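The values are calculated or read from the model by the stated rules, or taken from the named source; none is laboratory data. Predicted, not measured: the structure shown is a model, and the values here were computed from it. No Cβ is skipped: glycine too gets one built from the backbone with ideal geometry, and neighbour counts run over all protein chains shown.
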């Protein structure tokens with residue numbers, strides 16, 4: 001068996017060409033990636049704005065009160081239940097209280113890690129009424145979180161809550 005020594009020139013050309021192609025594709029996709037992950041503004045007016053906070057063994061869904069401010073006494077907090085209007089844009093402010101949590105609703109193609117001390121903005125628009133489940137991780141002992149989408153007129157819980165997309169049952 002004969003030992004064949006490689007061609008340094010061919011290896012350099014092959015590596016350089018691959019690097020240029022990968023770098024070029026990354027640069028071409030960067031504007032679209034930034035548009036999706038870091039929108040300067042969300043499309044249209046949101047039908048609901050919800051702060052979703054992950055903490056040990058549950059998620060807190062906080063809806064701002066009539067004053068529209070976060071962290072006041074009139075805020076509405078639901079555990080493990082997210083109620084939003086269908087066919088309207090929903091703006092999520094995702095954060096974590098203690099450790100990294102994963103917010104995952106596969107039916108709506110939502111997947112984002114929540115980080116402690118940081119707000120991550122995301123949005124979605126549910127197109128069908130129904131109940132969806134946030135899937136806990138393989139090692140999580142968390143109960144599933146329900147996401148319920150309903151028509152705006154079918155929501156209950158008072159006029160102020162209806163404007164915010166909250167359905168209290």
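As a summary of the residue check, residue 121 satisfies the conditions (1) in a strand (DSSP E or B); (2) exposed (fewer than 13 other Cβ atoms within 10 Å of the Cβ); (3) touching a residue at least 24 places away in the same chain (Cβ under 8 Å) except for the one numbered (2).
Filter the stretch 127-155 for residues that are more than 18 Å from residue 80 (Cβ to Cβ) and modelled with pLDDT of 70 or more; which is surrounded by the most Cβ atoms within 10 Å (Cβ to Cβ)? If we take residues in the stretch 127-155 being more than 18 Å from residue 80 (Cβ to Cβ) and modelled with pLDDT of 70 or more, then 129 is surrounded by the most Cβ atoms within 10 Å (Cβ to Cβ). Among the candidates 4, 12, the residue that is exposed (fewer than 10 other Cβ atoms within 10 Å of the Cβ), without any contact (Cβ under 8 Å) to a residue 12 or more places away in the chain and either assigned by TED's automatic domain parsing to the domain that holds residue 148 or farther than 30 Å from residue 128 by Cβ (or both) is uniquely 4. With respect to residue 33, is the statement that it is within 30 Å of residue 149 (Cβ to Cβ), surrounded by 10 or more Cβ atoms within 10 Å (Cβ to Cβ) and modelled with pLDDT of 80 or more true? Judged against the criteria, residue 33 is a match. Selection of the stretch 86-113 for residues being at pLDDT 85 or above, over 21 Å from residue 56 (Cα atoms) and in a loop (DSSP other than H, G, I, E, B) yields 86, 87, 88.
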